[in-house]
Amino acid sequence: LGGSSDDNGGGDETTNVAIVSSPAGFDDNAFNDLALKGIENAQEEHDIELNRVEETQQAQYQSTQSELAQSGEYDLIVLVSYNHTEALTQNATDYPDQYWMLINDHVDEANVAGYIWANHQMSYLAGVLAGTMTTEGFSDGGGETVPESAQIGFVGGVDESLINAYERSYVAGAEWVTNDVEVNVGYIGNYTDTDTAADIASSQYDAGADIVYHAAAAAGRGVFEAAQADGRYAIGVDSDQSVALPDFQDVVLGSAVKYIDEGTQTAATAVAEDDFESIAGNNTLSLAEEAIDCVIGQAFEGSLPAAVDQNMQRAKQGILDGDITVPCGATGCD
Amino acid sequence: MGAAIGFVGVALIGWLDLPLAELLTVGFLSRSLQAAAPIALTAIGGLYAEKSGVFNIGVEGFMIFGAVTTAALTWLIGGETAGQNTLWMAILGSVAIVSVAAVLFAVLVIRYKADQIVAGLAVWFLGLGFGPFVAVLLWDSQNSPGLVSVENLTVPGLSELPIVGALLFDISPLVLLTAFVTIVAWAILYHTRYGYWIQAAGENPEALDTAGVSVGRVRYAAVIFSGVMAGLGGAVLLAHAGSFTGTGDTMVNGRGWIGIVAYLFGNYNPIGAAVAALLFGGLDMLQIQFQTIGIDLPNRLVNLFPYLAVIVVLTMWGSTRVPASLGDPYDSEE
Amino acid sequence: MLTVSVLERVVISAVATVLALLIGMVIVAGAGYDPAVFSRNLLDGAVGSEAAIARTLMFTTLFVLTGVSVSIAFRAGVFNIGVHGQFIVGGFATVLAILQTAPVLPEGPIGGVVLLLVGALAAIVAGGAYAAVPGVLKAYGGANEIVTTIMLNFIAIGIVGWLVEGPFRGADQSAPNTERLPEYVELPQLIYSSPDFSIVGLVVALTVTVLIAVLVRRTSFGYEMVTSGQQASAAAYAGVDAKRMVVVTMTLSGMVAGLAGAVFTVMIQGYYSDPAGIGSYGYDAIAVSLLAANNPLGVIPAGLLFGSLDSAGSYIGISSNVPAQLIDGVVGLVVLFVSAPELFRMAAKRIGLGGDEQ
Amino acid sequence: MNKDRPSTPVVRLAGITKRFGDVVANDDVDFTLRKGTVHALLGENGSGKTTLMNVLYGLYDQNEGTIYVDGDVRDFGAPRDAMDAGIGMIHQHFQLVEPMTVLQNIILGHEPTSNGLVDESTAREDIEAICSRYGLDIDQHLDTPIRALGLGVRQRVEIIKTLYRGATVLVFDEPTAVLTPPEVDQLLDMMTELTDSGCSLVFITHKLDEALSVADRITVLRDGTSVGTVAAARTTEQELARMMVGRDVLFDRTSRETSPGDALLEIKDVRVDGDRDRERVHGVDLTVRAGEIFGIAGVQGNGQSELIEGIVGLRAVTAGSVRFEGEEITGMSRRRRIESGIAYIPEDRHSVGLVQADSLVRNALLGNQTNDNYVTNGVIDWGTVRDHAEEIVAEYDVQPSNVDIDAASLSGGNQQKFIVGREIERDPALVIAMHPTRGVDIGSTEFIHNRLIRLRNEGLGIVVVSSKLEEIQQLADRIAVMYDGAFIDIVDPDTITEAQLGLLMAGHDPGYHDETERQGAESTPDLVGAERGTSGRNDSDRSDTGDNNGDRT
Ligand SMILES: Nc1ncnc2c1ncn2[C@@H]1O[C@H](COP(=O)(O)OP(=O)(O)OP(=O)(O)O)[C@@H](O)[C@H]1O
Ligand SMILES: Nc1ncnc2c1ncn2[C@@H]1O[C@H](COP(=O)(O)OP(=O)(O)OP(=O)(O)O)[C@@H](O)[C@H]1O
Ligand SMILES: [Mg+2]
Ligand SMILES: [Mg+2]
């Protein structure tokens, strides 16, 4: 902010947006950064002033939110992750004139726009990619597969229901391809310890997995490092990580992506254009809205076996048609 | 004590009827060694300080300094395409920088008689603050981009041998360095005059003083050494991980604290401390193996196993005898 | 030796803080931000508005309580590094107890007060019990309490985290949170209207502090406790059962830490979430207590200093683009300088300010 | 001794003044040590003896005055400088590193090395050479950690350490205070041997007979100034005492006219373990009556400490029973024993009897913290406590007489006086005093003795454990001699001779049994020598109080 918000002079009106991080903080190369990126993209079209607030203690969200709302300076406050939900339930009614955007959850108030991306669907697709590749004989870039065994891995950040949903959907996707696929699962215990992430992935590669998908935010880089060290493959999450972390493009077969950036861009734009109503309420963004996908890593475009594309298309169609039921929801399983 | 842990481990494995071969792979062993190295280095430094009568509770902070300065130097010297030489230069440079910090710390606690626990905590807070801050200044993010990780030392031919090949002849040079440091530290402590002086300084500084040896100098050397070793530990952690993570409790994530536990556990003997570090590294990796082979326990609880083991073992077998004059500043004219 | 008069301590803390801030300012400037704005924000953040003052007092409340908890144990010569864990266990117990008891009590203010008492009691019991464990292990098993309490901190985070995630997760919570406490269970907003601060919380903290101070200075128990901490062999001679004393002081320390957890839960959060994101009051408290020379009354100004810094830090995170980590670093510097009163005494002597010859 | 040896001064202190803040510890003191002689330094507690020698040793910088060694002016910034000049000091408070071995302690700071590593075998040879040269005996302990050794051995380690460093001037600060009579004799012999082989010694002591028997010349300090130096051959105890105190001191034994009353303390077949779970007291019976002083003599390490700690409740009694005023107290807590009227003057004033960093006010409450006089409903009345502290300080002549200073800043003798005062003024029924006058000067010793006797006359029961034979003979109405964990005999102080006592303490049969009527010995287990030799004063298993007995240095 740097004190520039009090320029009520100047011709055209500035839109002020604040974004508050999840407990993982910014610079996670995933979730938080994507949300941020969307607003930055919106800045190119509109005069938007952005205040990025990093707060890693959930206990502080109540006061951080109300501090921001109380200032009256912000046209939109973006809250990353469902850790904000409880605090927002209070603050949305305390500050009825304040517009809020909540990522990954929803609060039933007219001034809140809830955005939930279908983490489960994209993870299912990641499972399809892994399940297909593990039985294909493939060797390119920095790794190779073991076609004789159908074994893959998953590395999660914290063992909590949000990430469990990634895991179960991923497993389901892989099983949809190869019924008897074996999946090694490991959790780090946090979203920051790259070293442990690498150790877990390594252990899984050792045990025979040839592709590991991660849902571990910043720590996920460790999985890629292990893939490079062991000559195996990995699947990224949230954004196309073969692009976000180009060092690892030789092992990142693909990424389960959700276009959070498009979501925040839409929201920021809507507010800048005085049209909050268009986004208010609960927005579930799934395959149907083309808001999630599983993309192939930039080094592997066109080089993967044809079965990948076929299976991927069939799976997407199945999900859209309702023939395939992805277990779990966006933030947990029942 | 090691035997005790081993016994508990074996009993547990027998009791749960675990598949030993899948659990104790070569990869597991070499990952345990890698995980142990930074902890062992930190522990050895810490025990020197404590033996000399100064509790350096700030080793966690020094580790963060070591990690961030190594990352920064690697990046400043070699950019994103840094090679092995750059990494080694960065490690050396980092040790030099951390040693300056360690000198300042030593002056504060020895010359100015700062409360050792408070000053040590302060170093930790400083690490938590300035570590990520440096990252933000350099990379505009609390995490560094991918830098470079240390390459294993591979002896052609021998590394092909079963088990020992992968364990001993395809090994991180930093693990070897740690082993070397351990032995040298042991020899110095128990077989050189300087080692005698360290012990005397911690037990009865007056006796050392009246023997004509400056207690201050002995303590300075030990405390500076402890800072440098913790810094080196951080550097080793970074060199194995290949990038710096500053979010959360940073990539060091409590390893410094475990280092303190390790030397208490190892009863202030450098070899004991290294074995304890290996034990903690091993327990951590064992916990990962459990996950990998799908032993279905709540991960958050399984993660607690090493901590619980420390408590049980400490209670049943090990009461450590703390140096008699630990924490007392020494004035020769008193 | 290192006995420092109260006045001297206050002066030293002030000088240390100013010095740390000056260094912080230099770093701010070096990193290309405006130090004037930074210092302005610092002041605004600590005391610049009603909200800022409330936030400062909120942090102060927690630092005072946890600081007193630490001071009890340290005074008795037991290093309770486990206040963090006891704080978490206590806070969680509050939520559990209130949620379990609420259905059988009438709703409304009376039920609310009863529930508050039940919650506080649960926290005190849970915190005390959780601290008694390392006490017993030390007294009867010889296990170093510095190590065991650090381990128990990790364990508290793990277990409470797991409970919040699974067994005790609120019915329609998508995040790992417990059920929210009933609305009527809250501390009244008497002076500042702030979501996170009630003067009642602060009064509780100050009352506990005074009680502990009296206990330490004026009672036989306090005398025995302090004597054990100073010289165990002399305490045994005077008829103090050293092992029992270790367990009792750890328990007492844990009880206060648990109460701090209850205040946190009721006053600030209103439910329980993953303890991994609950700050590090228990660790900061060690610095608070030592800054106060483990004197319960001294914890009050020390807690205020830390409360102000944290409050300013959180304001700076919200309202400026200076990286929030910087304020953590500045806090580290304050602690560092404060740890070495001798530094300032020598400096004062050099520039000819006071400093008697000794 | 070598009274007439022609000798040259090796050390001369001229006009030394040393101040600590307002305290003038040494005031313009002159002192000359001649080659090959023993020079005793006497003076009351706090008269500045230790300080003067610390100045010589480079531990303190004098404020004024000059040090000459072999005629040259020397300025010692640190002990190392003093050592280089051949001066060594055996401190009152041993300077040993407990977990390290005897050998490592001896060579500390002067380790011979080869290839960077400490060469212990060279060190061993050197040490053995020194031992045989001075007739010292330590060999079998070289690899034992100090922690496991008794005081006598520790002291020998200190002496060898100094010699190993090449000292020819040795300063002994109250070396006999912690030793038993046989050990004292050994030490005095050793001192003579040292002077014979060319060393010059300074010998600080409170025991005039020791000074007279071994010293060539004697200097007396009072209030930091030197009162004078006399030749040992031409002075008497009376004269020395007058120089020290400034008046005549009476040495007559007070007449004994006791009328013991009821049994106060009865112990039956008590067994107590030592620190390492080895039994140290093998079944002791004893009865102390109101109005008597019961003395326990013995060489340190024969279970006296364990027995007493068992009685006062600081150590568990593993078998047998302890009754006090007719009530069974075997399992009673230490606190309840204090409350029931057992006062205890501990042998270790430094780490047990006082909280060093606390004021005398707070120390006055030590052990009294549940006493109704000072505490009501758990709340302390500090005003009364302060008054009490002031009373003790005044009555027992504790110097300096400021109750707000830390216990640590009192000299050892004054610390002892404060403890004695506090314990006696507890209004007890039974006083158990271990080495009540250790490190205390003559005047105060006299005072404490009179005090104990008066209490006895008032009908209290008193147990005195001491290794000073004359003290025990003078005070006690009955003397039990403890050897190897049991009472070897109980004797009448008026009929037994010092020589006989000494033999008994060493476990020998003094051969008096026909004449002497033994009194009150309920049982006398395995008398004399049956299985002696294995334990005794070399025993490593004694309670660990040794290096705390001395004063501050
Ligand atoms: N009510 C009182 N009357 C007389 N003296 C008192 C009283 N209270 C305390 N004192 C004196 O103060 C000294 C210190 O007491 P105490 O340790 O309780 O307080 P403190 O040292 O000032 O506090 P803290 O150690 O917590 O900083 C004691 O030695 C005692 O002499
Ligand atoms: N470090 C010190 N600080 C302050 N005062 C001291 C210090 N050392 C000694 N004194 C004071 O100096 C005086 C002389 O003390 P010193 O220890 O030399 O006496 P001493 O003759 O050895 O007595 P004792 O026979 O009891 O050992 C005493 O009043 C003592 O309190
Ligand atoms: Mg003396
Ligand atoms: Mg006090």
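The values are calculated or read from the model by the stated rules, or taken from the named source; none is laboratory data. This is a predicted model, so every value here is computed, not measured. Backbone-built Cβ (ideal geometry, glycine too); neighbour counts: all protein chains shown. In case anyone asks, the SASA skips ligands and DNA or RNA and just uses the protein heavy atoms, side chains included. Shrake-Rupley method; radii C 1.70, N 1.55, O 1.52, S 1.80 Å.
Full extension of the chain segment joining C:Val114 with C:Arg244 gains 43.5 nm, where the gain is 0.36 nm per residue of separation less the Cα-Cα distance.
Determine which aspartates and glutamates satisfy two conditions relative to B:Lys113: a Cα distance under 13 Å, and not lying fewer than 8 residues away in the same chain. Qualifying aspartates and glutamates at Cα under 13 Å: B:Asp328, B:Asp331, C:Glu342. Checked against a 31 Å cut-off, the cross-linked pairs D:Lys35/D:Lys161; B:Lys51/D:Lys49; D:Lys49/D:Lys468; D:Lys207/D:Lys268; B:Lys51/D:Lys468 give Cα-Cα distances beyond that limit for B:Lys51/D:Lys49; D:Lys207/D:Lys268; B:Lys51/D:Lys468. Computed from the Kirkwood radius of its Cα pairs, the Stokes-Einstein diffusion coefficient for the stretch B:22-156 at 4 °C and 1.567 mPa s stands at 78 µm²/s.
Semi-axes of the equivalent ellipsoid for the stretch D:1-133, please: Cα gyration tensor eigenvalues, times 5, square-rooted, ordered largest first, whole Å.
Working: eigenvalues 190, 76, 45 Å².
Semi-axes, largest first: 31, 20, 15 Å.
Place a point 7 Å from the Cα of B:Ile163 along the Cα-to-Cβ direction; which residues of the stretch B:21-58 have their backbone N under 15 Å from it? Correct set: B:21-30.
Pairs of alpha carbons in the stretch D:60-176 separated by more than 18 Å make up 54% of all such pairs.
I want to verify the translational diffusion coefficient of chain C in µm²/s; compute it with Stokes-Einstein, Rh as the Kirkwood radius over Cα pairs, at 20 °C and 1.002 mPa s.
Translational D for this selection: 101 µm²/s.
Applying 1/(1 + (r/R0)^6) with R0 = 51 Å to the Cβ-Cβ distance of A:Asp275 and B:Leu23 gives a FRET efficiency near 0.30. With the convex hull of its Cα atoms as the shape, the stretch A:240-292 has an orientation-averaged projected area of 4.5 nm².
Surface composition of the stretch D:61-193: carbon and sulfur make up 42 percent of the accessible area, probe 1.4 Å. For the pair the stretch C:271-349 / the stretch C:35-99, the C-alpha centres are spaced 10 Å from each other.
Rg/Rh for the stretch C:99-140 stands at 1.26; both radii use Cα atoms, and Rh follows the Kirkwood definition.
Considering every Cα-Cα pair within the protein assembly as shown, what fraction, in whole percent, is farther apart than 71 Å? Don't skip to the end; give the middle numbers.
Details: 212031 of 1245831 pairs.
Everything past 71 Å amounts to 17 percent.
Please list C:172-178, A:286-292, C:275-281, B:114-120 highest first by mean number of surrounding beta-carbon atoms within 10 Å per residue. Intermediate values should be presented prior to the final figure.
Values: C:172-178: 20.7, A:286-292: 17.4, C:275-281: 22.7, B:114-120: 25.1.
My ranking of the peptides, most packed first, is B:114-120, C:275-281, C:172-178, A:286-292.
Taking Lys and Arg as +1 and Asp and Glu as -1, the other residues whose beta-carbon sits under 14 Å from that of D:Leu460 total -3. Sorted from longest to shortest, the spans of the Cα atoms of the stretch C:263-358 along the three principal axes equal 56, 35, 18 Å.
Can you tell me the relative contact order of chain D? Whole percent, Cα pairs under 8 Å, sequence separation 6 or more. The partial results should precede the final answer.
Details: 1145 pairs, mean separation 91.6, N = 553.
Dividing the mean separation by the residue count of chain D yields 17 percent.
Of all lysines in the structure, the ones whose alpha carbon falls short of 29 Å from that of A:Lys258, not counting any fewer than 8 places away in one chain, are A:Lys37, A:Lys316. Spread over its residues, the convex hull of the C-alpha atoms of the stretch C:185-260 is 100 Å³ per residue. Rg and Dmax of the stretch D:364-481, based on Cα coordinates, read 15.0, 46 Å.
Under the definition of partner shielding as Cβ atoms of other protein chains within 10 Å of a residue Cβ, what is the mean value for peptide D:93-106?
On the way: counts 1, 3, 9, 5, 14, 4, 8, 6, 0, 0, 0, 3, 5, 1.
Shielding by partners across D:93-106 averages 4.
Could you tell me which of rounded, prolate or oblate describes the stretch C:193-327, using a ≥ b ≥ c as the square roots of the eigenvalues of the alpha-carbon gyration tensor, with rounded for a/c under 1.5 and, failing that, prolate when a/b is larger than b/c and oblate otherwise?
Numbers: a/c = 2.35, a/b = 2.07, b/c = 1.13.
Taking the square roots of the gyration eigenvalues as a ≥ b ≥ c, the stretch C:193-327 is prolate.
In the stretch A:245-329, one over the average inverse separation of all distinct C-alpha pairs is 15.4 Å, which is the Kirkwood hydrodynamic radius. Look at where the Cα atoms of the stretch D:400-443 and of the stretch D:24-61 average out, and the two centres are 25 Å apart.
Counting only DSSP beta bridges whose two residues both lie in the stretch D:78-234, roughly 50 percent are antiparallel.
Close amide H partners of C:Thr219, meaning residues 5 or more places away or on another chain with modelled amide H under 5 Å apart, are D:Ile380.
I want to check the label-to-label distance for C:Val10 and D:Asn371. Put each point 7 Å from Cα in the C-beta direction and report it in nm to one decimal. Label-label distance for C:Val10 and D:Asn371, simple model: 3.7 nm.
Under the rule of -39500 (n - 2.57) per DSSP H run of 4 or more residues, summed and divided by the residues of chain D, what mean residue ellipticity at 222 nm is obtained, to the nearest 500 deg cm²/dmol? Let's see the in-between values first.
Working: 16 runs with 159 residues, N = 553.
It lands at -8500 deg cm²/dmol.
Value of Rg to Rh for the stretch C:107-184, rounded to two decimals, is 1.11; Kirkwood radius and Rg both from alpha-carbon coordinates. Converting phi to 3J(HN,Hα) with the Karplus coefficients 6.51, -1.76 and 1.60 and the offset θ = phi - 60°, the stretch C:22-27 yields 4, 4, x, 4, 4, 5 Hz in sequence order, with x at every glycine or proline. Amide H to amide H distances under 5 Å link D:Lys35 with D:Thr8, D:Val10, where only residues 5 or more positions off or on other chains count and H is placed in the peptide plane. How big is D, in µm² s⁻¹, for chain D by Stokes-Einstein at 25 °C and 0.890 mPa s if Rh is the Kirkwood radius over C-alpha pairs? After rounding, the answer is 100 µm²/s.
The mean number of Cβ atoms from other chains found within 10 Å of a Cβ in peptide B:301-311 is 6, as a whole number. Here is the interface size for B with C: some 4100 Å² of accessible area buried, both sides summed, with a 1.4 Å probe.
Need one number: % antiparallel among DSSP beta bridges in the protein assembly as shown, to the nearest 5. Just about 45 percent of them are antiparallel. Per residue of peptide C:280-288, the mean number of Cβ atoms on other chains within 10 Å of the residue Cβ is 3.
Average 1/r across all pairs of distinct alpha carbons in the stretch A:122-168, invert it, and you get the Kirkwood radius: 11.9 Å. Averaging over all projection directions, the Cα-based convex hull of the stretch C:233-276 occupies 4.5 nm² in the image plane.
With N as its number of residues, the stretch A:2-145 has a Cα radius of gyration that, divided by 2.2 N^0.38 Å, comes to 1.32. Relative to one another, the C-alpha centroids of the stretch A:167-201 and the stretch D:276-324 are positioned 69 Å apart.
Here the calculated FRET efficiency for D:Asp139 and D:Ser114, from their Cβ-Cβ distance with R0 = 25 Å, stands at 0.65, rounded to the nearest 0.05. What distance in nm lies between label points placed 7 Å from Cα along the C-beta direction at D:Asp30 and D:Gln238? For D:Asp30 paired with D:Gln238, the spin-label model returns 2.9 nm.
Which whole-number value in Å² is the accessible area per residue of chain A, probe 1.4 Å? Write out the running numbers ahead of the final one.
Numbers: 11070 Å² over 334 residues.
So chain A comes to 33 Å² accessible per residue, rounded to a whole number.
Please report the relative contact order for chain C, taking Cα pairs under 8 Å with a sequence separation of at least 6, and give it as a percent rounded to a whole number. Don't skip to the answer; put the middle values down first.
Numbers: 607 pairs, mean separation 124.3, N = 358.
So the answer I get is 35 percent.
Residues in the stretch D:35-52 carry Karplus couplings, in order, of 5, x, 10, 9, 10, 8, 10, 10, x, 5, 4, x, 7, x, 5, 4, 4, 4 Hz; the curve used is 6.51 cos²θ - 1.76 cosθ + 1.60 with θ = phi - 60°, and Gly or Pro positions show x.
Taking amide H as placed 1.01 Å from N in the peptide plane, A:Cys294 has its amide H under 5 Å from the amide H of A:Val257, each at least 5 places away in sequence or on another chain. Evaluated over the Cα positions of the stretch C:1-118, the convex hull gives a direction-averaged projected area, one quarter of its surface, of 12.4 nm².
Within the stretch C:86-222, the proportion of Cα pairs with more than 26 Å between them is 39 percent.
Take chain B, drop everything but the C-alpha atoms, weight them equally and run the Debye formula without solvent; then report log10 I(q)/I(0) at 0.10 Å⁻¹ to two decimals. Relative scattering, expressed as log10 I(q)/I(0), comes to -0.60.
Based on the Cβ-Cβ distance from C:Arg350 to C:Asp34, what FRET efficiency comes out when R0 is 41 Å, to the nearest 0.05? Show your work: numbers first, answer last.
Numbers: r = 33 Å, r/R0 = 0.81.
FRET efficiency, C:Arg350 to C:Asp34: 0.80.
Exposed loop sites here are GluC sites (Glu not before Pro) assigned a DSSP state other than H, G, I, E or B and surrounded by at most 11 other beta carbons within 10 Å; excluding them, the longest clear run of chain D is D:1-256.
Step by step: find N for the stretch B:124-221, compute 2.2 N^0.38 Å, then divide the Cα radius of gyration by it. What's the final number?
Details: Rg = 21.7 Å, N = 98, 2.2 N^0.38 = 12.6 Å.
In units of the globular-protein estimate, the stretch B:124-221 measures up at 1.73.
Over the stretch A:82-222, what number does the Rg to Rh ratio reach, with both radii from the alpha-carbon atoms and Rh per Kirkwood? Radius of gyration over Kirkwood radius for the stretch A:82-222 works out to 1.12. Taken as entire DSSP H runs, the helices of chain B that both span 24 Å or more between Cα atoms along their own long axis and average 1.0 or more on the Kyte-Doolittle scale are B:59-78, B:84-106, B:116-139, B:173-191, B:215-241, B:270-292. Label separation (D:Asp75 vs C:Val26): 3.7 nm, computed from points 7 Å beyond Cα along the C-beta direction.
So if I average 1/r over every pair of distinct C-alpha atoms in chain A and take the inverse, what Kirkwood radius in Å does that give? Mind dumping the intermediate values first?
Values: mean 1/r = 0.0493 Å⁻¹.
Averaging 1/r across every pair of different Cα atoms and inverting gives 20.3 Å.
A cysteine counts as unpartnered when no other cysteine's C-beta lies under 4.7 Å of its own; in the protein assembly as shown this applies to A:Cys294, D:Cys131, D:Cys199.
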